[in-house]
1. Which residue, of SER291, SER308, SER246, is under 19 Å from LYS177 (Cα atoms) and either within 19 Å of the chain's Cα centre (by Cα) or in a loop (DSSP other than H, G, I, E, B) (or both)?
2. Does segment 129-149 contain at least one residue that is outside any helix (DSSP H, G or I), modelled with pLDDT of 95 or more and among the small types (Gly, Ala, Ser)?
3. Do the conditions hold for PHE270, that is, is it among the hydrophobic types (A, V, I, L, M, F, W, C), surrounded by 18 or more Cβ atoms within 10 Å (Cβ to Cβ) and touching a residue at least 60 places away in the same chain (Cβ under 8 Å)?
4. Name the single residue that is nearest to SER21 (Cα to Cα) among those in segment 54-89 being modelled with pLDDT of 95 or more and of a type in the set (A, V, I, L, M).
5. Out of the residues in segment 1-32 that are hydroxyl-bearing (Ser, Thr, Tyr) and within 17 Å of LEU56 (Cα to Cα), state the one that is surrounded by the most Cβ atoms within 10 Å (Cβ to Cβ).
6. Please determine whether any residue of segment 203-215 is closer than 24 Å to SER21 by Cβ, among the hydrophobic types (A, V, I, L, M, F, W, C), without any contact (Cβ under 8 Å) to a residue 60 or more places away in the chain and not assigned by TED's automatic domain parsing to the domain that holds ASN32.
7. Find all pairs meeting these conditions: Cβ atoms under 9 angstrom apart; at least six residues apart or on different chains; first residue within segment 301-321 and in the same structural domain as LEU117 (by TED's automatic domain parsing); second residue of a type in the set (Val, Ile, Thr) and not in a loop (DSSP other than H, G, I, E, B).
8. Give LEU30, LEU86, LEU46 a once-over and let me know the one that is over 30 Å from ILE215 (Cα atoms), in contact (Cβ under 8 Å) with a residue 40 or more places away in the chain and either outside the structural domain of ARG244 (by TED's automatic domain parsing) or in contact with a Lys or Arg (Cβ under 6 Å, 6 or more places away or on another chain) (or both).
Amino acid sequence: MRTNILVLRFSSIGDIIQTTSVLNTVKKYLPNHFITYLTLTKYEPLLKNHPSIDALHSIDPKKDQAGLKKVNEIFNENPFSLIVDLHNSARSKFIRRKFSHIDSVSVKKPRFKRLALFLNHVNSFEKDFNQRSWLHQPIRSLLPVDCEFSSISLALKAKEADDALSLLNKYEIFNQKYFALVPGAAWRNKEWGVEKYIAVINFCVNKYDLTPVLIGSKEDSICFEIEKNISAPIINLAGQTDLRESMAIIQRSEYCIGSDTGFTYAAEAFDVPTIAILGPTSIETGAGVRSKNSHSLQVDDLWCRPCSQNGSFPCYRSKKYCMEEISSENVISNVVSFLN
């Protein structure tokens with residue numbers, strides 16, 4: 001007998017990608033569960049064609065702020081037996097209250113532990129804490145005791161990958177093999193230095209003859225700063241690709257280097273060797289890659305780190321130690337390990 005569940009997560013790219021681990025685990029151990037996923041319209045393309053999602057729906061806040069119209073439509077089509085709230089936001093709480101006759105479970109945000117960590121630098125998190133296990137907590141009772149949590153994943157059609165190559169082939173400098181860089185972030189505190197990125201790019205171009213490809217939005221000024229100051233040939237696609245095109249370009253890359261930001265985790269989801277440069281965020285805030293062929297670079301034992309949930313808090317020290325003490329050599333050594 002089929003069991004219908006509704007999964008809620010409304011933002012952002014990186015966090016939505018992390019929820020795919022839960023979807024994959026449910027499909028692995030509970031194959032009779034029909035998963036309907038609800039997110040915001042601007043993030044819906046991220047999950048298109050995902051094999052663990054049976055029905056994908058979205059809310060456009062400009063037309064349906066709370067999402068009740070869309071949720072009513074979904075509920076009329078599917079008699080849900082469980083709502084799995086992987087966001088626990090004002091919108092997701094409202095939906096759960098509106099349909100309180102349906103059982104629901106939700107993630108419990110460790111707000112007080114994080115505040116103690118940010119303000120008093122007291123770490124009361126369990127040593128094995130990570131976002132993947134935290135996201136699985138709401139459904140833990142549904143799973144076998146000895147279950148293994150699945151990896152994150154995304155899905156693309158072959159044509160989308162081919163179209164990505166066609167897009168890159170328009171550039172004369174493109175030589176078929178390339179690496180992706182995601183230097184931008186929603187908050188500038190999470191961005192590594194321009195000169196350090198340039199040093200890494202120059203090494204990769206000279207040593208391995210790979211084309212560097214910058215991925216980001218038009219608001220990611222660091223992409224344009226790198227392009228302006230580098231002498232090596234580079235393809236800057238910041239602001240020129242949509243979400244699916246960016247995913248496809250990342251999927252075909254040899255490896256990816258980026259900030260603690262959404263597309264860096266998209267690379268990990270495609271099993272592309274990934275280097276995540278973590279500055280003011282940490283594993284306690286949900287940051288970091290976990291796959292075997294990926295690495296999180298960070299400054300350990302730094303008393304002021306992490307300083308905020310998402311890097312939004314201004315640095316109050318004389319310099320940004322969490323970023324400045326990660327050298328270009330640190331990143332280059334990881335690149336060498338990937339390619340060797």
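1. Details: SER291 fails: under 19 Å from LYS177 (Cα atoms); SER308 fails: under 19 Å from LYS177 (Cα atoms).
Unique residue meeting the criteria: SER246.
2. No; the residues of segment 129-149 include none that is outside any helix (DSSP H, G or I), modelled with pLDDT of 95 or more and among the small types (Gly, Ala, Ser).
3. Working: among the hydrophobic types (A, V, I, L, M, F, W, C): yes; surrounded by 18 or more Cβ atoms within 10 Å (Cβ to Cβ): yes; touching a residue at least 60 places away in the same chain (Cβ under 8 Å): yes.
When the stated conditions are applied, PHE270 passes them.
4. Among those residues, the one meeting the criterion is LEU86.
5. Going residue by residue through segment 1-32, those that are hydroxyl-bearing (Ser, Thr, Tyr) are 3, 11-12, 19-21, 25, 29.
Okay, now just the ones that are also within 17 Å of LEU56 (Cα to Cα), so 3, 11-12, 19-21.
On the way: THR3: 14, SER11: 15, SER12: 16, THR19: 23, THR20: 26, SER21: 22.
Ranking the qualifying residues of segment 1-32, first place goes to THR20.
6. Let us first name the residues in segment 203-215 that are closer than 24 Å to SER21 by Cβ, namely 215.
Those still in the list that are among the hydrophobic types (A, V, I, L, M, F, W, C) too: 215.
Restricting the remaining residues to those that are without any contact (Cβ under 8 Å) to a residue 60 or more places away in the chain gives 215.
With not assigned by TED's automatic domain parsing to the domain that holds ASN32 added as a condition, the list becomes 215.
The answer is yes, given that some residue of segment 203-215 is closer than 24 Å to SER21 by Cβ, among the hydrophobic types (A, V, I, L, M, F, W, C), without any contact (Cβ under 8 Å) to a residue 60 or more places away in the chain and not assigned by TED's automatic domain parsing to the domain that holds ASN32.
7. none
8. On the way: LEU86 fails: over 30 Å from ILE215 (Cα atoms); LEU46 fails: over 30 Å from ILE215 (Cα atoms).
Residue meeting the stated conditions: LEU30.
The values are calculated or read from the model by the stated rules, or taken from the named source; none is laboratory data. It should be emphasised that the depicted structure is a prediction, and the values quoted were computed from it without experimental measurement. We place every Cβ from the backbone using ideal geometry, glycine too, and count neighbours over all the protein chains shown.
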